[in-house]
Each structure stands twice: as C-alpha cells, then as structure tokens.
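Everything below concerns the one structure shown next.
The values are calculated or read from the model by the stated rules, or taken from the named source; none is laboratory data. Everything numeric here is computed off the predicted structure, so don't read it as measured data. Cβ sites come from the backbone with ideal geometry, for glycine too, and all protein chains shown count toward neighbours. SASA here: full protein model, heavy atoms, side chains in, ligands and nucleic acids out. Shrake-Rupley method; radii C 1.70, N 1.55, O 1.52, S 1.80 Å.
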Amino acid sequence: MSPSLIDTPPYTYVFYAVFFGWFLVNSRLLGRERSGDVRRERRHSKRVLWAATTGGLVVALGCHYLIGWAAMAAPELAFWTGIGLLIAGAIIREYAVRTLGRFFTVDLGVDTDQPVVDEGPYAWVRHPGYLGSFVSHAGIGVVLANWLSFTALTLSLLAGYWYRIRVEEDLLRTELGAAYEAYAERTPYRLVPGLW
C-alpha cells in the first residue's frame, strides 16, 4: 500500500472537502448542454473523454492501493502539491467558463452568433477549460503520492483530451472559418503553454 496521506485524518478530510467542492463546481456545468442536434462524432468525443477520465482514475486508485514500490518519497509534499493543483485547476476552468459565458456547453457546437473568444485564458491556450480540468485531475494523481498513479492518470487524460480537442478544432475551423484560423495562428498552443 502506498504511504499516501489521503487515508490518514486530518488529510483525508482536507482532500474530500476540496474534492467534493471541485466536484460540485464542475457538476453544475453538466446541465449546460447544447439544445438541438449534436452530431454523433461530437457526442462520441464526450464519451471518450469521460471514459479516459474514469478509467484513468480507476487505474490510479488501483496503483495507489496495490503498488507500494511506486510511492513518492515525500508524501506530505505530494499531498499539499496535489491539493494546490486541484484548486488551481478549478480556478483555471472556472475562469475559462466565465470568459466564454453563454457559449460554454459540455456538448460541442457553435451558435450562429458565436464569436471567436481570444481574451482572458483564451489568449494563452485555445482550450483553457480542458487545461483546468487536466491540472485538477493531475492534482488527484499527485495527492495519491504514487508515480504509477500519477502517470496512468496523466497519460489517460492526455489521450482523452487529444481526441476531444481534435474533434472540437475540426468543428471550430469548419464553423468559424478564417476567424478561428487567425486565432489559432495567434495562439499556437492547444492545451499546455509552450508544449502543445
């Protein structure tokens, strides 16, 4: 068993308080679905991302509880770093959602009057909401204080977000045309500033 502090009070209480706060903030977004027809491929991308996230979390928890040799050397540092990442990711995502305003939905689509948003966090990366979610989930991997947990969750999320972003960018390029192409030129990074 990993020497993570997640199963040791008062760390347990801190983690679950932060986790459920993060979960509640994100769950309110689930109701923001696009009305009308959403193409099958776009719906499929939401399922792929959900499967990548859920699968990554299950594998990460399994590694945490079953593979002790992959434990991180400083569990207290890992715990507080992970909590910080979980909170930072929530803030980034909320900033992105508020910047998009009524144009944010969990289903992919473009409204007829939708502009290309290039301010706030959208000036840094093209998908800051996904970046925030990725950072929060990576924080959970760090809280578990197990290198295999962190790696499994991170790789699973990268695969899910790679697919979702590819589908979303195809849609945005088709629907918003030259305006989105110009934005992509100005903001070259999709998810991680300086990397991708």
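Here are some notes:
- Heavy-atom accessible surface of the chain: percent carbon and sulfur, 1.4 Å: 65
- For Glu119 and Thr151, a Förster radius of 30 Å and the Cβ-Cβ distance give a FRET efficiency of 0.30, rounded to the nearest 0.05.
- Total formal charge among the other residues, if their Cβ is under 13 angstrom from that of Trp124, Lys/Arg +1 and Asp/Glu -1: +1
- Extreme residue, positive dipole direction of the chain, given options Tyr95, Thr187, Gly21 (C-beta unit charges): Gly21
- Tyr163 - accessible surface, heavy atoms, 1.4 Å probe, Å² rounded to 10: 40
- Of the GluC sites (Glu not before Pro) found in region 110-182, the ones in coil according to DSSP and having at most 15 other Cβ atoms within 10 Å of their Cβ are Glu119.
- The rule of thumb for compact globular proteins, 2.2 N^0.38 Å, goes into the C-alpha radius of gyration of region 140-183 1.71 times.
- For Arg28, solvent-accessible area (1.4 Å; no DNA, RNA or ligand), Å²: 110
- On full extension, the segment bounded by Leu66 and Glu175 gains 34.5 nm, given 0.36 nm per residue less the C-alpha separation.
- Charge dipole (debye, nearest 20) of region 43-196; +1 at Cβ of Lys and Arg, -1 at Cβ of Asp and Glu: 340
- For region 109-146, the set of chymotrypsin sites (Phe, Trp or Tyr not before Pro) satisfying both a DSSP loop assignment and a count of at most 16 other C-beta atoms within 10 Å is given as Trp124.
- A Stokes-Einstein calculation at 37 °C with viscosity 0.692 mPa s, built on the Kirkwood radius of the chain over Cα pairs, returns a diffusion coefficient of 186 µm²/s.
- Fraction of alpha-carbon pairs over 17 Å apart in region 51-132 - percent: 63
- Dividing the summed -39500 (n - 2.57) terms of all DSSP H runs of n ≥ 4 by the residue count of the chain sets its mean residue ellipticity at 222 nm at -22000 deg cm²/dmol.
- For the chain, the solvent-accessible area with a 1.4 angstrom probe is 51 square angstrom per residue.
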